[in-house]
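The values are calculated or read from the model by the stated rules, or taken from the named source; none is laboratory data. Owing to the predicted nature of the structure, the values given are computational and were not obtained by experimental measurement. As a convention, Cβ positions derive from the backbone with ideal geometry for all residues, glycine included, and neighbour counts pool all protein chains shown.
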Amino acid sequence: MIGLCIGLAGAVWAQEPTADFTLAWRHTIEKIRWEEDYHLDAEGLHLGEARVRGSGAGMEIPDGAVLRNGSWHYRRDLPALQPLRLGRTPEAGDFELCVAGACRPLSHWIGPPRLNQPAVELWSCAMRAEARGDRLQP
């Protein structure tokens, strides 16, 4: 079974048994929510639709975006990401990981953002048979 691994430099800190998830966060200055939908396979993370609820400093709405239900919806043609590296610091707040409609901060799996660990990576991986949203300590 394919799933989502969370960690850094190949070290698995947590796993989530899912083939689809949404990554969400708030822009550190504008406080506007961004969301990106991903599908996982053996090649990596495939970005599907993305949404942003507004624009601001360094947040230009991409060409071809469509305003629907208060958010700009768009797609980007990118190769599979393997891994997807995220900057994560206490000052910026946490990312949210949404699986099957339930959203939780990444801290649910790996603890709060820390200054001495300013990044985390997400990648597709083969799940251990016993993995059920494991929480491991980085």
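Determine, yes or no, whether ALA50 is buried (at least 17 other Cβ atoms within 10 Å of the Cβ), more than 26 Å from CYS125 (Cα to Cα), at pLDDT 90 or above and of a type outside the set (Ser, Thr, Tyr).
So ALA50 does not fit the description; no.
Yes/no matrix, rows are residues, columns are (1) in contact with a Gly (Cβ under 6 Å, 6 or more places away or on another chain); (2) surrounded by 13 or more Cβ atoms within 10 Å (Cβ to Cβ):
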site: GLY64; (1), (2): no, no
site: GLY70; (1), (2): no, no
site: LEU81; (1), (2): yes, yes
site: PRO90; (1), (2): no, no
site: GLY101; (1), (2): no, no
site: LEU106; (1), (2): no, yes
site: TRP109; (1), (2): no, yes
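Counting only residues that are buried (at least 19 other Cβ atoms within 10 Å of the Cβ), out of contact with any helix residue (DSSP H, G or I) (no Cβ under 7 Å at 6 or more places or on another chain) and not small (Gly, Ala, Ser), how many does the range 1-15 have?
Adding up the residues that qualify gives 3.
Restricting attention to the range 1-43, which residues are hydrophobic (A, V, I, L, M, F, W, C), in a strand (DSSP E or B) and in contact with a Ser or Thr (Cβ under 9 Å, 6 or more places away or on another chain)?
ILE2, LEU4, CYS5, LEU40
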